[in-house]
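The values are calculated or read from the model by the stated rules, or taken from the named source; none is laboratory data. Quick caveat: nothing in here was measured; it's all calculated off a predicted structure. Counting neighbours? That spans all protein chains shown, and the Cβs are built from the backbone with ideal geometry, glycine included. For the accessible areas, the whole protein counts, side chains as well, though only heavy atoms, and no ligand, DNA or RNA atoms are used. Shrake-Rupley method; radii C 1.70, N 1.55, O 1.52, S 1.80 Å.
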Amino acid sequence: MADANAAVAVVTVSLVFLGLLSGLSLSWALLPVAVVVLIFVLASGLKGRDELAHLNVCVLVLGDIGRSPRMQYHALSLSRHGYNVTIIGFLGTKPHQDILEDDRIDILAISELKGLTVGPKIFRYASKVIFQCFQLFYVLMKIEDQGYILMQNPPGLPAIAVTWVASRFRGSQFIIDWHNYGYTIMALTHGENHFIVKVAKWYEKLFGCLSDHNLCVTNAMREDLQKNWNIEATTLYDKPPPIFRETPLKLQHELFIRMGSTYLPFRPSPDVTKEYMELTAFTERNTQTGAVTRSAGRPALLISSTSWTEDEDFSILLQALEEYEKFVAAGHKLPSLVCVITGKGPQKEYYKKLIDTKEFQHIKICTPWLEAEDYPVLLGSADLGVCLHKSSSGLDLPMKVVDMFGCCLPVCAIHFQCLHELVKHEENGLIFKDSKELSQQLKLLFSDFPGDQGKLGIFRKNLRESGQQRWDENWDRNVLPLIKEHCD
């Protein structure tokens, strides 16, 4: 209980401090003191700890559960080993079907609070943080006893502090899974020297040190956590689950048919008609025999996935495609391209308008949102992946590339600090620094299309023969021993 009392004191002082700095009056700034009262009221009514609590794990995402694949994989791995899992987060996007059908996994949806809508921006942000503190603490105190609370960071404000306090009261082990640093993402919008960014960094470091265990996504991040924040972490690389694999031709055709009902680039040319054949832009199925073959002269399928945020500059891809268009017009033997950019995010509409201004003759672009079950099928059907993710911290790796490699899909990826931990230049893909370099890579890789003897075919062959480790094996080796150590 001494730990819990200390936790309450630290969090309360921090919130009051934040309120004063954001311009609140003293009476408003002291509002978080009410958190203390709420804590002790709730804590005084807590029942004895459940003897089976060590078999319960809370997976916490202060974001959209459906767009948090790594945390969904954590939940499935825990369930596979007999743990009961409660996932807490926002229900914006449909989670994977395996999550919904698993009897050991329950989803506890929380609302995405907005805070006050009047007053200075920093005042509104502070009110949102305070409201989220109350909401999250209430939820964590009301659920069944948990052996572990496994929380994704970012976003970690205010989740890290609140979860730490709740874990002290509930007797739960608190694990942070560091995907990145939240303050570096905020710095993309506000700049490194903005007041709120400095507060976020101070907060993340202070409360991050208080967790019982830590996971992170790269060795570079593990070393940075140790060196700068004195946090010991275990590296758990993102690895693809079994659903990410090369897609059989029949399933490709079925997906292309479905996609073609909504997106024109997947439909066959109106000039092409064949008797007893069901056509897409890439495949054709004999309606009498059911045999599926690739279409002669088909376009190459280029795919990229994005959250449409500031750390991905899609103008680089658009400029590279403009250069590619010039290569084709100049007579280079290159295929037409269908470029599919999947995902949701704040900058999607901006880039869609930019795309609409392009007058390509040999390139078609579409920006669909795919269900969780269709996304791996499309990756496994593509010819090349492109990644424009630039880590805000330089310490995390793009999960989309992990998924692409799971489908044996070669990748062109933009360079940043620790990318070499995933993409091996001239082995499983190519690394570029600007649009000019990317356009030359597209030209090089598609010069032999659709043959498999050029670099594109070699990269795919290397991926097939690499014996990639999958998520389950990776998780069992790095996380399961940690869980069992404190359950026995």
List the longest stretch of the chain that has no exposed loop site; here a site is one of the chymotrypsin sites (Phe, Trp or Tyr not before Pro) assigned by DSSP to anything other than H, G, I, E or B, with at most 14 other Cβ within 10 Å. 1-275
Checked the stretch 169-281 against the a/c 1.5 cut and the a/b vs b/c comparison, axes a ≥ b ≥ c from its Cα gyration tensor; verdict prolate
Shape call, the chain: gyration tensor on alpha carbons, a/c limit 1.5: prolate
Rounded percent of accessible protein surface that carbon and sulfur make up, the chain, 1.4 Å probe: 53
Could you give the size of the charge dipole of the chain about its Cα centre, using +1 on the Cβ of each K and R and -1 on the Cβ of each D and E, expressed in debye and rounded to the nearest 20? 780
FRET efficiency for A291 and S269, using Cβ-Cβ distance with R0 set to 25 Å, rounded to 0.05: 0.75
So, with +1 on the Cβ of K and R and -1 on the Cβ of D and E, and no other charges, what is the size of the charge dipole of the stretch 300-354 about its Cα centre, to the nearest 20 debye? 280
Could you calculate the contour length gain from T357 to Y276, that is, 0.36 nm times the residue separation minus the distance between their Cα atoms, to one decimal place in nm? 25.4 nm
Among all the lysines, which ones have a C-alpha under 23 Å from K198's C-alpha, if same-chain residues fewer than 8 places away are not counted? K114, K121, K128, K227, K390
With the crude spin-label approximation of a point 7 Å out along Cα→Cβ, what separation in nm comes out for D476 versus D102? 1.5
Past 25 Å, Cα to Cα, is the threshold; run K344/K436; K348/K455; K239/K461; K250/K358 against it and keep the listed order. K344/K436; K348/K455; K250/K358
Mind running the shape call on the stretch 389-461? Use the C-alpha gyration tensor, a ≥ b ≥ c as the square roots of the eigenvalues: rounded below 1.5 for a/c, prolate if a/b tops b/c, oblate otherwise. oblate
Rounded to 5, the percent of DSSP beta bridges in the stretch 275-367 classed as antiparallel: 40
accessible surface per residue for the chain, probe 1.4 Å, DNA/RNA/ligands not counted, whole Å² -> 45
K436 paired with L113, simple spin-label distance in nm, labels 7 Å along Cα-to-beta-carbon: 5.2
Antiparallel DSSP beta bridges within the chain, percent to nearest 5: 15
